[in-house]
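Trainee: One structure is given below, represented as structure tokens, and several questions about it will come after.
The values are calculated or read from the model by the stated rules, or taken from the named source; none is laboratory data. Since the structure is predicted, the reported quantities are computational estimates derived from the model, not experimental observations. Note that each Cβ is placed from the backbone with ideal geometry, even for glycine, and that neighbours are counted across all protein chains shown. Only protein heavy atoms, including side chains, enter the accessible area calculation; ligands, DNA and RNA are left aside. Shrake-Rupley method; radii C 1.70, N 1.55, O 1.52, S 1.80 Å.
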Amino acid sequence: MNTHIYYIDDQNEALVNHLVEAMDAQSSAVEFRRFPDGESYLRVTDDCEGVNAVVVCSLSQPDDKILPLLLLVDTLKELGAKSVGLVAPYLCYMRQDIRFKPGEALSSRTFATLISQKFDWLVTVDPHLHRYNSLDEIYSIPSRVVSSTTAIASWVKHQVEKPILVGPDSESDQWLSKISELSGIPYICLEKQRSGDREVKVSSDELADWSGFSPILIDDIISSGHTMLETIKYLQQAGFNAPFCIGIHALFDDVIYQTLQDSGALVVTSNTVHHQSNKIDINVDIVAAVQRLVDS
Ligand code: R5P
């Protein structure tokens, strides 16, 4: 099977290399630059006629990437690619899954429609499924969801004595319950109230029962970092040691990363988004999912 792996930036270099090796594929960098007025220029430099094209692009800072991605998929199809799939280890625009206030854009649905119109399939890691049960509710193309829970479970097992897994909100239950089952470590989820992008409060009636345990805080996304920060403060005020913090998707900037470290917490992420905190490697699982989907 003739498979070419396309990428626009080098943020996913390790994953591209894994895919190339595992699928006996060709790696194809794309020529990309911005015109002086900010418009995008893109050129596919190889012969893609008849190939199965796999586009790798983790969708952090998505608005800078989406138009180049659309130019790439259209160009590949116009030049004769047989199929074009998207591997987005982090899938953006999943959190606005409801109109919280009248008149808000339902961006999860708009983005899903756009991607479904252009690509033939999608592979991602732990998308933020809250009010949607599955990607199939908004994506009309075949999709595969890779779970980071096995990799996280094996990572957390040997970190601290008497661990307790802590999720900052009820949405984190879906990851915490699996990691708990796989690692044998108990877990609790706190309650979270968000009043703004950076205004978060957490609370729990159960925390006191776990006094003397070492918390390992786990969330899917670290974005502004305030969910992690407030939870760390809450745990410390309740008499716990500074926790390990694990984020699946490292969207945060260096300032908040430093603030989290300064609080005494040790912050670790999976490598879905390139960041200095990446310690949990899930590329092998992504490659296996892509192979299964392309071979099916
Ligand atoms: C929200 O529902 C997610 O699970 C995360 O808790 C959230 O996206 C974290 O965002 P931030 O880092 O901006 O608090």
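Trainee: For region 9-23, name all the residues that are of a type outside the set (Val, Ile, Thr) and either part of a helix (DSSP H, G or I) or not assigned by TED's automatic domain parsing to the domain that holds Gln61 (or both).
Mentor: The answer is Asp10, Gln11, Asn12, Glu13, Ala14, Leu15, Asn17, His18, Leu19, Glu21, Ala22, Met23.
Trainee: List pairs: first in region 53-71 and among the aliphatic types (A, V, I, L, M), second assigned to a loop (DSSP other than H, G, I, E, B) and modelled with pLDDT of 95 or more, Cβ under 7 Å, 6+ apart or cross-chain?
Mentor: Pairs that qualify, where the first residue is among the aliphatic types (A, V, I, L, M) and the partner is assigned to a loop (DSSP other than H, G, I, E, B) and modelled with pLDDT of 95 or more, are Ala53/Ala81; Leu59/Tyr90; Leu59/Leu91; Leu59/Cys92; Leu69/Cys57.
Trainee: For Gln26, are the conditions met, namely being in contact with an Asp or Glu (Cβ under 8 Å, 6 or more places away or on another chain), open to solvent by 30 Å² or more (accessible area, probe 1.4 Å) and in the same structural domain as Leu114 (by TED's automatic domain parsing)?
Mentor: Answer is yes for this residue.
Trainee: Which of the following residues is open to solvent by 40 Å² or more (accessible area, probe 1.4 Å) and of a type in the set (Val, Ile, Thr): Thr272, Thr227, Thr259?
Mentor: Details: Thr272 fails: open to solvent by 40 Å² or more (accessible area, probe 1.4 Å); Thr227 fails: open to solvent by 40 Å² or more (accessible area, probe 1.4 Å).
Within the list Thr272, Thr227, Thr259, the selection yields Thr259.
Trainee: I'm trying to understand the selection: among the residues of region 146-173, which are among the aliphatic types (A, V, I, L, M) and without any contact (Cβ under 8 Å) to a residue 60 or more places away in the chain?
Mentor: Correct list: Ala153, Ile164, Leu165.
Trainee: If a residue counts only when it is within 14 Å of the ligand (Cβ to nearest atom) and over 22 Å from Ala153 (Cα atoms), which strands (runs of 3 or more DSSP E) contained entirely in region 179-296 have at least 3 such residues? Steps first, please.
Mentor: Working: elements: 187-189, 191-196, 199-203, 214-222, 244-250, 266-270, 278-280.
The strands (runs of 3 or more DSSP E) meeting that bar are 191-196, 199-203.
Trainee: For region 154-178, give me each residue that is among the β-branched types (Val, Ile, Thr) and within 16 Å of the ligand (Cβ to nearest atom).
Mentor: Within region 154-178, Val166 is the sole residue that qualifies.
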